[in-house]
1. For the range 139-149, state whether one or more residues are surrounded by 15 or more Cβ atoms within 10 Å (Cβ to Cβ), over 30 Å from residue 207 (Cβ atoms) and small (Gly, Ala, Ser).
2. Can you say whether residue 334 is aliphatic (A, V, I, L, M) and either in a loop (DSSP other than H, G, I, E, B) or modelled with pLDDT of 95 or more (or both), as far as the supplied structure shows?
3. If I filter the range 157-170 for residues that are of a type in the set (Gly, Ala, Ser) and at pLDDT 95 or above, do I get at least one hit?
4. For the range 277-284, check the following and say yes or no: at least one residue is out of contact with any Cys (no Cβ under 6 Å at 6 or more places or on another chain), closer than 19 Å to residue 168 by Cα and surrounded by 24 or more Cβ atoms within 10 Å (Cβ to Cβ).
5. Among the residues of the range 245-253, is any part of a strand (DSSP E or B), modelled with pLDDT under 95 and either of a type outside the set (Gly, Ala, Ser) or more than 14 Å from the chain's Cα centre (by Cα) (or both)?
6. Considering only residues of the range 86-108 that are among the small types (Gly, Ala, Ser) and assigned to a helix (DSSP H, G or I), which is nearest to ligand 1 (Cβ to nearest atom)?
7. If residue 262 satisfies all but one of (1) of a type in the set (Gly, Ala, Ser); (2) within 16 Å of ligand 2 (Cβ to nearest atom); (3) open to solvent by 10 Å² or more (accessible area, probe 1.4 Å), what's the number of the condition it fails?
8. Would the range 29-39 turn up any residue that is open to solvent by 60 Å² or more (accessible area, probe 1.4 Å) and either touching a residue at least 40 places away in the same chain (Cβ under 8 Å) or away from ligand 2 (no atom under 13 Å from the Cβ) (or both)?
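The values are calculated or read from the model by the stated rules, or taken from the named source; none is laboratory data. None of these values were measured; they are calculated from a predicted model. Every residue, glycine among them, receives a Cβ derived from its backbone with ideal geometry; neighbour counts consider all protein chains shown. Heavy atoms of the whole protein, side chains included, go into the accessibility calculation; ligands, DNA and RNA do not. Shrake-Rupley method; radii C 1.70, N 1.55, O 1.52, S 1.80 Å.
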Amino acid sequence: MTITTPDPAKHKKAKALKPSSRRPAKELCSECGLCDTYYVHYVKDACAFIHQHIAELEEEAHGRSRNLDNPDDWYFGVSQDMMAARKKQPIEGAQWTGIVSSIACEMLNRGMVEGVVCVQNTKEDRFGPMPVIARTPEEVLAAKVNKPTLSPNLSVLEQIEQSGMKRLLVIGVGCQIQALRAVEKQLGLEKLYVLGTPCVDNVSRAGLQKFLDTTSRSPETVVHYEFMQDFQVHFKHEDGSIEKVPFFGLKTNQLKDVFAPSCMSCFDYVNSLADLVVGYMGAPFGWQWIVVRNDTGQQMLDLVQEQLDTQPVMSQGDRKKAVQQSIPAYDKGVTLPMWAAKLMGIVIEKIGPKGLEYARFSIDSHFTRNYLYVKRNHPEKLDAHVPEYAKRIVGQYKLPEA
Ligand code: FAD
Ligand code: SF4
Ligand code: SF4
């Protein structure tokens, strides 16, 4: 149940908690930041890894939860519109074309919100996350591009109440947004807007270093990377050059433990509780993928509509065989020689799943892997932690014995 009564006495008591008694999700904690604030006393209800209640929160945020008779709802969540889009004039240095930053800037420019929760980077480290409440478009733009590590976005929540802000936009990934939705009514806001991105395979800062060191030819010059729809990781380097490494050539045996335990246990890839989701995986290569979940999301998208080229979403191919074959290969940590990985990448890109079918491919591959991970490492949590829609997705495949 979502909490409804603010309780300042509990806030005070929570402030006195020792750091050691915080983060009750223990090794599954994704560092969402809630436990760095006095809202920590809601953690047992709010934490995505302690109390999974996506269906109930969907009902509150969107007026309905996923329709379990509709496989599109299993995969993409509650939606009222979906499209591929890109900015006519991309923002230089954004992760994709900068649709997220553009919406946030418009909301500030038009006075719809007084602040935007987003993530800049620390002075010392371009990938070190530094959550802030941006009050100007310049501060929003300073947060463009992914910090591809766990980021304590909700650590700034106390500042909202203290600042007296009444209208706020929060940008974040699924686990952050689940905890946010659960404490939303405690923040004293008149209106909360939520702009989400999909998220998968996130890592601690140390894990990110291991991934870069193991995979890139020049880890220290990487400024940006993405797992692309052409089945390759694209690394952009400081000099503007692009390095491509096929998924099938990743050193899976060395990388198996690199993803954070939270992200190996996560079933909210598509950010079910955001009003509007902006990613890329359901769109053709070079385009962004937009999912409008409710009227608030539509209102946010309308602000930048004139800045965008759009096209309908498409779906092509059949992912199921490829997913089934990848399950035991990943489980055994198989790594192909680079020539074979490149060849396989070229063939799959030509005949493989595209558009929404690529998104389903990615969701299936991650949910089957994560289901096995939870079954093996936290069997007592399996039933309650895995949402019904994810059980239906995983149920389409034959999994190895636990
Ligand atoms: P920009 O305008 O560049 O803005 C990026 C925004 O992301 C900024 O506002 C910043 O505050 C926020 N941000 C940066 N780092 C973090 C973080 N660690 N936690 C929370 N917020 C952050 N999309 C897919 O379709 N499939 C995926 O598998 C996928 N994985 C992702 C994994 C991570 C860790 C993140 C952060 C995003 C992922 N995305 C994924 C989303 C995608 O990479 C883009 O972020 C999205 O399409 C927006 O692009 P943009 O150019 O509009 O964003
Ligand atoms: Fe707290 Fe967030 Fe960690 Fe859960 S994931 S224990 S809410 S910091
Ligand atoms: Fe959070 Fe899931 Fe992303 Fe990990 S993969 S950071 S748990 S949304």
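1. No, every residue in the range 139-149 fails to be surrounded by 15 or more Cβ atoms within 10 Å (Cβ to Cβ), over 30 Å from residue 207 (Cβ atoms) and small (Gly, Ala, Ser).
2. yes
3. No, the range 157-170 has no match at all.
4. Taking every residue of the range 277-284 in turn, at least one turns out to be out of contact with any Cys (no Cβ under 6 Å at 6 or more places or on another chain), closer than 19 Å to residue 168 by Cα and surrounded by 24 or more Cβ atoms within 10 Å (Cβ to Cβ).
5. yes
6. Restricting to residues being among the small types (Gly, Ala, Ser) and assigned to a helix (DSSP H, G or I), the top hit is 101.
7. With respect to (1) of a type in the set (Gly, Ala, Ser); (2) within 16 Å of ligand 2 (Cβ to nearest atom); (3) open to solvent by 10 Å² or more (accessible area, probe 1.4 Å), residue 262 is out only on (3).
8. Checking the range 29-39: at least one residue is open to solvent by 60 Å² or more (accessible area, probe 1.4 Å) and either touching a residue at least 40 places away in the same chain (Cβ under 8 Å) or away from ligand 2 (no atom under 13 Å from the Cβ) (or both).
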